[in-house]
Structure formats: C-alpha cells, structure tokens
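Scroll down for the structure; my scribbles are underneath it.
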Ligand SMILES: Cc1ncc(COP(=O)(O)O)c(C=O)c1O
C-alpha cells in the first residue's frame, strides 16, 4: 500500500454513523461543529492516529484543539496514570503526585513565574486570573481583543468579543480593541509601516472608556479560535508596555499555546517578555482535564486571592491531574518536544505555504510551531471569507482523504501532537495540499 493510502475513510463508516446516531438520541445539542460534521466515533487512538469503529484510520490534526500534546495513549502517561488511579484519586492534600508536578513545573516555567494554582477547565482558570488581577491591583476593568477566545462563563465571555448573541447583559468594565491580525487589519495598514496602529487604538480605547481602574490586559499570544492568527514580533512587548502605562497586569492566555505548542515553552517567549499572569491548560495534561494560573509569588500572594480557600476549587490539584502534568512535562522534556515543535512546524509551514498561491480557496497560510492556520476565502484579492458551507466541504474532503482538522470561522486549524512522526506529518501535508488544490477547481 502506498504510504498515504493507509489514511482515510476507505471503508464506508456505517457502524461509526450508527453509533453516532444512537448517541444523538440522548446527548444535548451544541457539540463542536467538527464533531457534528464528521460524526467520527473513535474505537481507539494511538499517537497521531484515530481509528473509527469501521477500522478507518485518520491522522488526528484536530488534536482536541491542542490538548493532544504527546500523542494519544502515550505509554509513559498510561503507566503513570494507571498507577495513580490505584493509589489515590480524590482530595487536594499534599501528595507525591503534587510534589512531582510542582518540581516538574519549577524547572519548566520561565524565571520570575514561580507560583501555580490548578483548576480543571480553561474558563475556570481565566476567571481565576481575572480575580487575581483584581486582587493584586485593587482595580477591576479589563481590556481584551477582537477575535480572542477565553471561555464561556460570565467573565471570560465578556473577554470574548463577538460570540455573545443572546447572552447579555454582560458585566461592565470590559473593553475590547482590534488584535494584530495583519491579514485582516481593520485599519487597512501593513506591518511594520503601521507602527502598531492597533496598539495605539487600544491605548485610546482605554483612555476614552476607562474610569481609571484598568486591572488587566488579557491576550492570546496566538489567537487560536480565530484561526491561529500570529501577530508580528514586538506585539506582546508593546502590550506589556501598554499595561505598565496604566498600572495594569498583562495576562497571557496560553491555554492553547503553552507547553511547547508554538515551538517555545510558552508563546510569550518569542517576544522576549514575561507576562504578569499566565493561564495554561490543554496540552499541559495531554487529555486529563487540568488547567492553571501561573504568576510570580509577589503577585499571587497579594490581596484577597491569597487568603485561605480564596483561590482553590473542588478539583484543583487533585492527584490524577498532578500526575498527568508531572508526566506530560517529563515526556515533553525527555523527548525534546519543544524543539521538535519548532523544527517540524517550520517544515510543515514550508510545505503548506504554496497553497496560498496554488489553491483557489486558500487566502493565507500561517503558523507558530505546530499551531497552523489555513484561511479559506472565495476571492484572494478581496479576501472575502469562505462560507461555513465551504469550510464544511473542505473539512469533509480532508476527513475522507484521511486528515482530521479543527476549524475556526473560515480557517482550518492544525494541531498535530508535538511528537507526530515525520512520515505522518508529511503524509498529512501531502493530503492537505492535494485535497485543497483539487477542491477549488
Ligand atoms: C485561549 C483559550 N482560553 C480559554 C479557553 C477556554 O477553555 P475551556 O473550553 O476549557 O473552558 C480556550 C478553549 O479553547 C482557549 O483556547
């Protein structure tokens, strides 16, 4: 069999779809679009490969939106979690698992960020970061960015400009400004000639709208749900300056980008800055639901946030979560996966970039490490975004051919495991190139 003939829905996925239909009799509506479009039902998973109930194998570049950092069913993680399950699972007391996790993080975290508090969902960590910023500054307003995604609870939703239909009223004190999305610059300018007009605009937003109580600026170093939008170098540094100007804290939401995904341990490192607060999750636990807030001791121990029971949560730092983080970080370090994400990310970007010229539907290809975005348009000159129908067609054609991707608006988003094999990565690039080139014809 030729290499990439192994992948794809080569057998009609009849059992897969029957199973899916049975689930739909009970499960609530509103699952992620890619789940509903694919009706994919997993029989087993290993590394970068998902196998459906009919035996079809596909390359998993959906990766649960960046959660699958070290590959499905990593043997080291399976062994460690199995042992932990039999040892102790419920309670946030001290334990060997917690100490192992803290020691692993102590080595992995950049200098200056030395305290961590754990949670179990992304939005929960973002809410905790907002509480911490209020607590540390004594102020309460927040600036965030168009196209950002930070979660779906009240505070994180107020940060998430553009996804609020039917969800008002939202809390006051939240402002937003355009992100450095150069492919769709609302000022119609080009970097670097623009001199970061978007940051200047953000400065004006705060000046005009704040009551003088800005506690934090919250930003994704690479905007995930908007299509892995990578801002130009210097953007985060400019936001750090802006935050300092208003005596506010800079919160980097690294839920998707942290733990090696972008080819650095944390994406803010690309810009040579250290934020005041970092929110993390996804790839940190490789599938176990664990998230966190990271800050310097001085920040974390100021104000009400540090009082007994103030920053805790029911499942925070439970033993399985701690074991998952300790083991995932040890695998990332043992196997040099941050460096691998950087190197393989460059190769994949190079392989996929020609699509922006040769595929009628592709307007832009971009990425940082192994977070890659392929933006679909109906017209390359006007950059008119592809419709949801067209995105669905592309998604479905890719799945049929053997590559499962994530979507976000009119962008296809790729999140392979950081340790995907070279052959698998290049098979995926070939399949994507072939499928998207054929699709627009
Ligand atoms: C950057 C970022 N922040 C926060 C969240 C919210 O995480 P959760 O869905 O676990 O609440 C996400 C989820 O995709 C995210 O990408």
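Values quoted throughout were computed directly from the atomic coordinates according to the rules given, and no laboratory measurement underlies them. Since the model is a prediction, treat every value here as computed from it, not as a measurement. Every residue, glycine among them, receives a Cβ derived from its backbone with ideal geometry; neighbour counts consider all protein chains shown.
Taking Rh as the Kirkwood radius, which is the inverse of the mean 1/r over Cα pairs, what is the Rg/Rh value for the range 75-334?
That ratio is 0.98, to two decimals.
How high is the FRET efficiency from residue 245 to residue 346, r the C-beta distance, R0 35 Å, rounded to 0.05?
With a Förster radius of 35 Å, E is 0.50.
Taking the number of other C-beta atoms within 10 Å as the exposure measure, put 183, 415 in order starting with the fewest.
183, 415
According to a simple spin-label model (label point 7 Å from Cα along Cα-to-Cβ), what is the distance in nm between residue 269 and residue 45?
2.5 nm
Can you say what percent of the DSSP beta bridges in the chain, counting only those with both residues inside, are antiparallel? Round to 5.
For the chain, the DSSP antiparallel bridge percentage is about 65.
Using the number of other C-beta atoms within 10 angstrom as an exposure proxy, rank 70, 273 with the fewest first.
The fewest-first ordering by Cβ neighbours comes to 273, 70.
Would you mind putting 21-27, 145-151 in packing order, based on average other-beta-carbon counts within 10 Å, highest first?
Packing proxy ranking, top to bottom: 145-151, 21-27.
Quick one: order 226, 215 by neighbouring beta-carbon count within 10 Å, fewest to most.
Ordered by Cβ neighbours within 10 Å, fewest first: 226, 215.
Taking the alpha-carbon centroid of each part, what is the distance from the range 408-441 to the range 12-45 in angstrom?
22 Å
What order do you get for 113-119, 308-314 when each peptide is scored by the mean count of other beta carbon atoms within 10 Å, highest first?
113-119, 308-314
Post the alpha-carbon centroid distance, the range 57-76 to the range 139-199, in whole angstrom.
First find each Cα centre; the distance between them is then 30 Å.
Sticking with the crude label model, points 7 Å out along Cα→Cβ, report the distance from residue 17 to residue 190 in nm, one decimal please.
4.8 nm
Can you tell me the order of 322-334, 57-69 when each peptide is scored by its average per-residue count of other Cβ atoms within 10 angstrom, highest first?
57-69, 322-334
Residue 37 to residue 314: FRET efficiency via 1/(1 + (r/R0)^6), r the Cβ-Cβ distance, R0 25 Å, to the nearest 0.05?
0.15
Pick from 137, 291, 211 the residue whose mean-square fluctuation is largest in a GNM of the chain, springs joining Cα atoms under 10 Å.
211
Round to the nearest 0.05 the FRET efficiency obtained for residue 207 and residue 5 when R0 = 51 Å and r is the Cβ-Cβ distance.
0.30
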